[in-house]
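The values are calculated or read from the model by the stated rules, or taken from the named source; none is laboratory data. What you see is a predicted model, and the numbers here were worked out from it, not measured in a lab. FYI the Cβ positions are ideal-geometry reconstructions off the backbone, even for glycines, and counts take in every protein chain you see.
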Amino acid sequence: MNELRPIVYVIDDDPSMRAALEDLVGSIGLQVRGFASPQEFLESKQADSPGCLVLDIRLPGMSGLSFQKELVKAGLPLPVIFITGHGDIPMSVRAMKAGAVDFLTKPFHDQDLLDAIHAAIERDRDKRRETLLITELRKRYETLTERERHIMGFVVAGRPNKQIAAELDLSEMTVKVHRGQVMRKMKARSLPELVRMSDTLSAALQAS
C-alpha cells in the first residue's frame with residue numbers, strides 16, 4: 001500500500017529553494033524527493049507510484065524543457081510542473097504544448113503550486129488506470145480465437161447475427177455461440193460495454 005502513495009519529485013539546483021519546496025509538499029502529507037540535477041534524478045530509482053515532477057526550467061547541463069523531452073524518450077512521462085524565475089510567454093507556451101501541467105513564475109503562491117501538484121497527480125493516476133485497463137483488455141482479447149475476433153468485429157459494428165452468419169457462411173446458432181464466447185472472454189456485460197472495449201483497444205493500437 002505504501003508504494004501507491006503519491007510522490008512528488010523536485011529538481012532544482014538551488015539548495016534553499018529545493019528545501020523550501022520539499023517542506024511545502026511534505027506539509028500536506030505527500031512523499032517528496034529532491035534532486036539537484038536531471039542526471040541525479042535519472043540515476044535514482046523511481047517508485048512505481050502516482051506522482052509528478054516539479055522542475056526548474058533552468059538547470060545545469062540540461063534545460064528543463066530538454067529534460068521534459070528526455071523523460072518521454074526514456075519511458076518516464078511523469079506530469080511536469082515548471083517553475084522559473086526567468087520565464088517568458090514563448091517559453092511557457094512551449095512547455096504547455098509539450099504537455100506540462102502548469103508553468104509558474106517565481107515568486108508564486110504556495111497554494112498555486114499545491115493546486116498544480118494535485119492536478120498533476122490526478123492526471124498521472126488517470127493515465128495509470130488507463131494503462132492497466134488497456135493491458136487487461138489486451139490479455140482478454142488474446143484469449144479469443146481468430147474466428148471469435150472476426151465475429152467480435154462484426155458485433156461491435158452493429159451487425160445482427162443473421163447477417164454475420166450469411167457473411168461468414170455459418171449457421172445463426174454457431175454465430176450465437178461464438179458471440180457468447182466473445183462476451184464471456186472479454187468479460188463484457190452488455191453490447192455497449194463490448195463496443196467501448198473495442199474502441200479502447202483500437203485507440204491504443206493507433207497510439208502505439
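State yes or no: is LEU137 assigned by TED's automatic domain parsing to the domain that holds VAL80 and either surrounded by 12 or more Cβ atoms within 10 Å (Cβ to Cβ) or part of a loop (DSSP other than H, G, I, E, B) (or both)? No; evaluated as a whole, the condition is false for this residue. Scanning region 36-53 for residues that are among the small types (Gly, Ala, Ser) and either under 18 Å from MET96 (Cβ atoms) or assigned to a strand (DSSP E or B) (or both) turns up just one, GLY51.
Selection of first residues in region 174-191 that are within 14 Å of ILE164 (Cβ to Cβ) and of second residues that are of a type in the set (S, T, N, Q) and crowded, with 17+ Cβ neighbours inside 10 Å, restricted to Cβ pairs under 7 Å at least 6 apart or on distinct chains, gives the following pairs, ordered by first then second residue: VAL175/ASN161; LYS176/ASN161; ARG179/ASN161.
If I filter region 70-92 for residues that are surrounded by 16 or more Cβ atoms within 10 Å (Cβ to Cβ), in contact with an Asp or Glu (Cβ under 8 Å, 6 or more places away or on another chain) and assigned to a helix (DSSP H, G or I), do I get at least one hit? Checked region 70-92: no residue is surrounded by 16 or more Cβ atoms within 10 Å (Cβ to Cβ), in contact with an Asp or Glu (Cβ under 8 Å, 6 or more places away or on another chain) and assigned to a helix (DSSP H, G or I). Restricting region 12-39 to residues that are of a type in the set (Asp, Glu) and touching a strand residue (DSSP E or B) at 6+ places or on another chain (Cβ under 8 Å) leaves a set whose member that is nearest to PRO77 (Cα to Cα) is ASP12. Within the option set ARG147, ARG123, ARG159, being charged (D, E, K, R), part of a helix (DSSP H, G or I) and more than 19 Å from the chain's Cα centre (by Cα) holds for one residue only, ARG147. Just give me the residues in region 54-69 being part of a helix (DSSP H, G or I) and loosely packed, with under 15 Cβ neighbours inside 10 Å, in sequence order. SER66, LYS69, listed by residue number.
Residues in region 170-202 that are acidic (Asp, Glu) and either at pLDDT below 95 or under 24 Å from ILE134 (Cβ atoms) (or both): how many? The number of residues fulfilling the criteria is 2. Checking each residue in region 162-196 for being not acidic (Asp, Glu) and not in a helix (DSSP H, G or I) picks out LEU170, SER171, LYS187, ALA188, ARG189, SER190.
Within region 22-35, not a single residue is crowded, with 20+ Cβ neighbours inside 10 Å and assigned to a loop (DSSP other than H, G, I, E, B). Per the conditions (1) at pLDDT 85 or above; (2) polar (S, T, N, Q); (3) closer than 20 Å to ILE7 by Cα, the sole criterion not satisfied by GLN46 is (1). Contact map, region 23-51: residues that are outside the structural domain of GLY61 (by TED's automatic domain parsing) paired with residues that are surrounded by 15 or more Cβ atoms within 10 Å (Cβ to Cβ), Cβ distance under 6 Å, separation 6+ or inter-chain. No pairs are found. For region 154-190, the tally of residues that are closer than 16 Å to LEU137 by Cα and loosely packed, with under 13 Cβ neighbours inside 10 Å stands at 4.
Check whether at least one residue in region 88-97 is over 17 Å from the mean Cα position of the chain (by Cα), under 18 Å from ASP14 (Cβ atoms) and either among the small types (Gly, Ala, Ser) or assigned by TED's automatic domain parsing to the domain that holds GLN46 (or both), and report yes or no. Checking region 88-97: not a single residue is over 17 Å from the mean Cα position of the chain (by Cα), under 18 Å from ASP14 (Cβ atoms) and either among the small types (Gly, Ala, Ser) or assigned by TED's automatic domain parsing to the domain that holds GLN46 (or both).
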